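The structure appears below as structure tokens.
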Amino acid sequence: MRSKPLLGPAQLGVALVLLFASSIAAQSTESTGPVHLGYDPAAPRDGHFHVGEIGERLFSAEERIKCNCGCGFDVHTCQFQMQCGVSPSWTQRIMQSLEAGQSVEAIEAGFVADYGLTVLMAPPPEGFNLVGYFLPALAIVSVGLLLGLLVRGGPSRERVASGTEVSAADEERLRDALRKLDEAEGPDW
């Protein structure tokens with residue numbers, strides 16, 4: 001005689017997920033204090049603060065400059081997601097410049113002078129770069145207009161749909177040919 005299990009597969013899965021989540025939460029609270037489920041700019045991490053005027057300007061500069069470690073993220077995201085060796089030194093450089101009184105634009109210009117325009121998360125809206133800013137909007141509008149014309153049935157619809165009447169003899173031949181095709185391809189029962 002087989003005994004009935006206490007938990008079904010669904011309940012067992014939920015129990016395992018809850019157990020795993022609670023163990024992670026317990027480890028997090030032991031080592032770092034309260035668990036932050038979202039971004040908390042006031043929470044320090046390795047001496048990195050984003051509070052106050054300098055903190056806001058630091059965050060603004062960090063998200064405008066792309067880390068050159070190859071990740072493709074901005075300096076702030078790379079530092080906390082990828083934990084590379086480049087972004088912390090760049091954050092220190094930005095912080096020192098901000099404390100010296102430089103503006104975010106001046107810091108950005110300094111990075112561009114050292115590393116070129118590829119260090120920017122978004123290219124400046126000038127010259128050929130304007131194509132990248134306007135082309136997506138132009139493409140969306142163009143596709144919308146084309147779809148509108150197709151749905152509305154533009155002026156060429158009547159010309160494409162025009163044709164001659166099918167005679168009764170041609171219609172009968174077509175039905176006969178389709179019936180023979182169905183019989184030939186039908187199941188052999």
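The values are calculated or read from the model by the stated rules, or taken from the named source; none is laboratory data. Given the structure is predicted, the values throughout are model-derived calculations rather than measurements. With ideal geometry, Cβ positions are generated from the backbone for all residues, glycine too; neighbour counts draw on all protein chains shown.
Give region 74-113 a look and list any residue that's of a type in the set (A, V, I, L, M, F, W, C) and closer than 14 Å to Arg64 by Cβ, or say none. Selection gives Val75, Cys78, Trp90, Ile94, Leu98, Val104, Ala106, Ile107, Ala109, Phe111, Val112.
Exactly one residue among Glu56, Glu63 is closer than 20 Å to Leu98 by Cα, modelled with pLDDT of 85 or more and touching a strand residue (DSSP E or B) at 6+ places or on another chain (Cβ under 6 Å), and that residue is Glu63.
Here is a list: Glu108, Glu126, Glu99. Which entry is exposed (fewer than 12 other Cβ atoms within 10 Å of the Cβ) and in contact with a helix residue (DSSP H, G or I) (Cβ under 9 Å, 6 or more places away or on another chain)? That would be Glu99, the only listed residue that is exposed (fewer than 12 other Cβ atoms within 10 Å of the Cβ) and in contact with a helix residue (DSSP H, G or I) (Cβ under 9 Å, 6 or more places away or on another chain). Residues that are in a helix (DSSP H, G or I), without any contact (Cβ under 8 Å) to a residue 12 or more places away in the chain and either crowded, with 19+ Cβ neighbours inside 10 Å or among the hydroxyl-bearing types (Ser, Thr, Tyr) (or both) within region 65-96 comprise Cys78, Ser89, listed in sequence order.
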